[in-house]
Amino acid sequence: MFCFQCQETARNQGCTIKGVCGKEPQTAALMDLLIYVCRGIAIVQRALRQNGKAVDAPDHFLMDALFTTITNANFDDAALSERINKGFALKKDLLAQARQEGINIPDMPEVRLTAAPADYQNVAATVGVLSEPDEDIRSLKQMTIYGLKGMCAYAEHALNLGHANVEIYTFLEEALYQVSRNDIGADELVALVLKTGETGVKSMALLDKANTSTYGHPQMTRVNIGVGKNPGILISGHDLRDMEDLLEQTSGTGVDVYTHGEMLPAHYYPAFRKYPHFVGNYGNAWWKQREEFESFNGVILFTTNCIVPLAKEGTYLDRMYTTGSCGYPGAKHIPARKEGGKKDFSELITMAKTCKPPHEIEKGEIIGGFAHNQVLALADQVVEAVKTGAIKRFVVMAGCDGRMKSRQYYTDYAMALPKDNVILTAGCAKYRYNKLPLGDINGIPRVLDAGQCNDSYSLVLIALALKDAFGLKDVNDLPIFYNIAWYEQKAVIVLLGLLSLGVKNIHLGPTLPGFLSPNVAKVLVEKFGIGPQPELN
Ligand code: SF4
Ligand code: SF3
């Protein structure tokens, strides 16, 4: 196997024996094959679209498949094989359609294979990451694919709420075609990487619209981190539509609902705050789940990444459920909702009723809900605080958390910031400092949490509004400093999105991506001023 898509990749070079995330070589091979099938589908679908003959269903397949290969989303080989077989069948159908319509399809290896090979591991070795011999081209192609994975995750959440954008699908097809070309050069690929960022911003904007038009704008909210007396269901991941279905179905059942990790921001939405059994947030970021899911005692529902494989002594597999693009062997999978319907969580509710209430691991509250609408409502106060010098600087510390000890840096960094600095955050990176007593500045909390990683889009809107409020020409002239933490591919699309918007001098840690070749890293440094995490003061 070879995989270097995430921040925890072995020696910051690549996982070759087994993933640090727990991914087995067999699973890695299936994922390589799935990406290969996706490229084939995209090449045919692109040709159909150019001839006005495309429908969107194949793009829905691509989105789900790419999302499935994100770090820590899916460990279930059977689910991956099913997608591969479906993908080959879909490609065959699309090819037949193209033939019937007299549409020419580029003759590329990705198009030729139309059934899953028996020796898939050998095939995967020939189509995986290392099949591209030039390290710079490999780096740029993979960076594009990782950005697309993040983009697809966000576009899928938006689609679950009925919001789609054909521009995103068209670009997805085009980008997968371009990364499949053998004759593509580095300059074309750099442009493609930036275009991926640009389209990533569109997918975040689409998701923001989907979330806020369905559930209202996030509001400043105090979220309980203690527990109640009833048994509960803990919902993890990013999908708000799943959140809605679960809250509705648990209503009046005597089962409480808690968020975990990236689902915390669900508490900020008016549509969810109305449920009295939506008790609070339990625990911390994804990587603490082995301990926290044990002590939660109740049912666990994964709507997306990040899943940590259970420890040998782990006891919660029989109360663990997955849905959507994620999967785990031995955990039950809740099927997709039918058109116009809802997911059926009744089995989880029945099981939760047999569970003990959660064991309390913390008490108190955390505050969040500072997405663009809420911050702009406070704009006068914020601008005044900057003008009087009460706020000297904003520090964007968005992104992912991770399990490596070195991430203690982010806690230390937040604590060491001068008292006139405000942290703008989104994503699970916040758990490194969102429970620290960092105080407020004239009533404005020093940690402003906009929400999930996709809500980094909110941070961009806030920055643009501040730029206008201060009459500045360039967003880089604001007193904003970027110290971003990354782990998986959603952070890649957030980063590419920021670059496409012209944001410069982003510090990225705890390490720069292992998938950047020295030459590609040099381009990022020279063109965008990307640098490693700054030293602690
Ligand atoms: Fe390794 Fe990360 Fe790939 Fe897992 S996702 S195999 S940890 S590089
Ligand atoms: Fe976290 Fe997995 Fe990236 Fe959505 S939940 S930010 S790591």
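The values are calculated or read from the model by the stated rules, or taken from the named source; none is laboratory data. Nothing here was measured: the structure is a model prediction, and the numbers come from that model. FYI the Cβ positions are ideal-geometry reconstructions off the backbone, even for glycines, and counts take in every protein chain you see. SASA here: full protein model, heavy atoms, side chains in, ligands and nucleic acids out. Shrake-Rupley method; radii C 1.70, N 1.55, O 1.52, S 1.80 Å.
Structure values in brief
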{"item": "Test set (1) without any contact (Cβ under 8 Å) to a residue 12 or more places away in the chain; (2) touching a Leu at 6+ places or on another chain (Cβ under 7 Å); (3) of a type outside the set (D, E, K, R) - residue 189 fails condition number", "result": "(1)"}
{"item": "Residue that is farthest from ligand 1 (Cβ to nearest atom), among those in region 417-433 that are part of a loop (DSSP other than H, G, I, E, B) and buried (at least 22 other Cβ atoms within 10 Å of the Cβ)", "result": "426"}
{"item": "Filter result for residue 390 (open to solvent by 70 Å² or more (accessible area, probe 1.4 Å), of a type in the set (Gly, Ala, Ser), away from ligand 1 (no atom under 16 Å from the Cβ) and farther than 21 Å from residue 489 by Cα)", "result": "no"}
{"item": "Output for region 309-328, where each listed residue is under 21 Å from residue 66 (Cα atoms) and assigned to a loop (DSSP other than H, G, I, E, B)", "result": "309, 324, 325, 326, 328"}
{"item": "Residue 372 being within 30 Å of residue 425 (Cα to Cα) and not assigned by TED's automatic domain parsing to the domain that holds residue 209", "result": "yes"}
{"item": "Among the residues listed as 42, 96, the single one being open to solvent by less than 10 Å² (accessible area, probe 1.4 Å), more than 16 Å from ligand 1 (Cβ to nearest atom) and not β-branched (Val, Ile, Thr)", "result": "42"}
{"item": "Residues of region 157-204 satisfying the condition of being surrounded by fewer than 20 Cβ atoms within 10 Å (Cβ to Cβ), within 21 Å of the chain's Cα centre (by Cα), among the hydrophobic types (A, V, I, L, M, F, W, C) and within 25 Å of residue 520 (Cα to Cα)", "result": "194"}
{"item": "Conditions (1) surrounded by fewer than 18 Cβ atoms within 10 Å (Cβ to Cβ); (2) at positive phi: number failed by residue 362", "result": "(2)"}
{"item": "Residue identified as under 24 Å from residue 155 (Cβ atoms) and away from ligand 2 (no atom under 16 Å from the Cβ) among 29, 47, 10", "result": "47"}
{"item": "Selection count, region 265-275, where residues are part of a helix (DSSP H, G or I) and more than 22 Å from the chain's Cα centre (by Cα)", "result": "3"}
{"item": "Odd one out for residue 254 among (1) open to solvent by 40 Å² or more (accessible area, probe 1.4 Å); (2) of a type in the set (Gly, Ala, Ser); (3) in contact with a strand residue (DSSP E or B) (Cβ under 6 Å, 6 or more places away or on another chain)", "result": "(3)"}
{"item": "Flag if residue 125 is buried (at least 23 other Cβ atoms within 10 Å of the Cβ), under 30 Å from the mean Cα position of the chain (by Cα) and in a helix (DSSP H, G or I)", "result": "no"}
{"item": "Which listed residue, of 248, 313, 291, 262, is farther than 18 Å from residue 487 by Cβ and either open to solvent by less than 10 Å² (accessible area, probe 1.4 Å) or under 24 Å from the mean Cα position of the chain (by Cα) (or both)", "result": "291"}
{"item": "Output for region 471-507, where each listed residue is within 16 Å of ligand 1 (Cβ to nearest atom) and over 14 Å from residue 196 (Cβ atoms)", "result": "485, 486, 487, 488"}
{"item": "Selected residue (only one of 369, 399 is within 16 Å of ligand 2 (Cβ to nearest atom), at pLDDT 95 or above and at positive phi)", "result": "399"}
{"item": "In region 66-86, the residues that are surrounded by fewer than 24 Cβ atoms within 10 Å (Cβ to Cβ) and of a type in the set (Gly, Ala, Ser)", "result": "78, 79, 81"}
{"item": "Residue count for region 365-383, restricted to those that are open to solvent by 20 Å² or more (accessible area, probe 1.4 Å) and within 30 Å of residue 228 (Cβ to Cβ)", "result": "4"}
{"item": "Search result, residues across region 457-491 that are open to solvent by 50 Å² or more (accessible area, probe 1.4 Å), charged (D, E, K, R) and either within 16 Å of ligand 2 (Cβ to nearest atom) or touching a residue at least 12 places away in the same chain (Cβ under 8 Å) (or both)", "result": "474"}
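Here's the yes/no breakdown for (1) out of contact with any helix residue (DSSP H, G or I) (no Cβ under 9 Å at 6 or more places or on another chain); (2) part of a loop (DSSP other than H, G, I, E, B); (3) surrounded by fewer than 16 Cβ atoms within 10 Å (Cβ to Cβ):
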residue	(1), (2), (3)
330	no, yes, yes
333	no, no, no
348	no, no, no
385	yes, no, no
